[in-house]
Amino acid sequence: IAGITQAPTSQILAAGRRMTLRCTQDMRHNAMYWYRQDLGLGLRLIHYSNTAGTTGKGEVPDGYSVSRANTDDFPLTLASAVPSQTSVYFCASSIGQGINTGELFFGEGSRLTVL
Amino acid sequence: AQSVTQLGSHVSVSEGALVLLRCNYSSSVPPYLFWYVQYPNQGLQLLLKYTTGATLVKGINGFEAEFKKSETSFHLTKPSAHMSDAAEYFCAVRHNYGQNFVFGPGTRLSVLP
């Protein structure tokens, strides 16, 4: 059972370059999320999607964009990377919003370094 | 706005000793509560969760947590620490409708031989 697959696992990127982090889930979950994890700050929500075709902004959305063309895929794009975007990025999913509140399932993370 | 606090960014215990990791939340309505564990260079895994019903919930690896509404707390405990418990632990809350998960800053647990 794959669950959530993220790619790449690690990347070094020059400032100003465009980068897309990929995320795919095979659990048919409605909701998907992107978090960044930074030392001392815990996990902060970047963007989320409650269902295919919809997206929303989280706590720290600036400099990032997402799309949700189908249920399984939720790519995160950095249009022009800056050093402050150096972080570990986690994709997650849950069954969905509402009464049927499920827990988050996480990918293994993508470590991004912007020089 | 919801918030989650975890007292102690780093907790050290001896192998075999009691583990107590504290979590308090701010919320006007009872939330859903979660504890996650993160081992080095891995994603987060669910330890346990409280949604409704019994306030004492049991999770994997011998961990349990008790929801105390009056104290707005959801502390995580384990009677006897094992070396393999060394990891980062995150408390998280979520409400029913239209709300996303909010995570605490995490507590790193070290287990000393």
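Fewest-first ordering of B:LEU33, B:LEU7, A:LEU104 by other beta carbons within 10 Å of each residue's beta carbon gives B:LEU7, B:LEU33, A:LEU104. Counting other Cβ atoms within 10 Å as a rough exposure proxy, the listed residues A:ARG18, B:ARG94, B:ARG22 run A:ARG18, B:ARG22, B:ARG94 from fewest neighbours to most.
Distance from the Cα centroid of the range A:61-115 to that of the range B:1-47 is 22 Å (rounded to whole angstrom).
Phi angles of the range A:55-71 translate, via the Karplus equation with coefficients 6.51, -1.76, 1.60 and θ = phi - 60°, into HN-Hα couplings of 9, x, 8, x, 6, 10, x, 5, x, 10, 9, 9, 9, 9, 6, 8, 5 Hz per residue; Gly and Pro are given as x. Looking at the protein assembly as shown alone, DSSP beta bridges between its own residues are antiparallel in about 90 percent of cases. Think of the range B:21-88 as having a plus end and a minus end, set by charges on the Cβ of Lys, Arg, Asp and Glu; of B:PHE34, B:LEU44, B:ALA86, B:PHE34 sits farthest toward the positive end of this dipole. What FRET efficiency comes out for the pair A:ALA52/B:THR52, r = Cβ-Cβ distance, R0 = 25 Å, nearest 0.05? With R0 = 25 Å, the Cβ-Cβ based efficiency is 0.30.
Please state the charge dipole magnitude for chain A, taken about the Cα centre, from unit charges on C-beta atoms (+1 on K and R, -1 on D and E), reported in debye and rounded to the nearest 20.
So the dipole magnitude of chain A works out to roughly 260 debye.
Please state, rounded to one decimal and in Å, the Kirkwood hydrodynamic radius that chain B gives when every pair of distinct Cα atoms enters the mean of 1/r. It works out to 14.1 Å. The protein assembly as shown has equivalent-ellipsoid semi-axes of 29, 21, 15 Å, by the square roots of 5 times the alpha carbon gyration tensor eigenvalues, sorted largest first.
How many Cβ atoms of partner chains, on average, are near each residue of A:38-44 if near means within 10 Å of its Cβ?
Per residue, the number of nearby Cβ atoms from other chains is 5 on average.
Bear in mind that the values in this text are calculations on the coordinates, not laboratory data. All values derive from a computational prediction rather than experimental measurement. All Cβ positions, glycine included, derive from the backbone under ideal geometry; neighbour counts span all protein chains shown.
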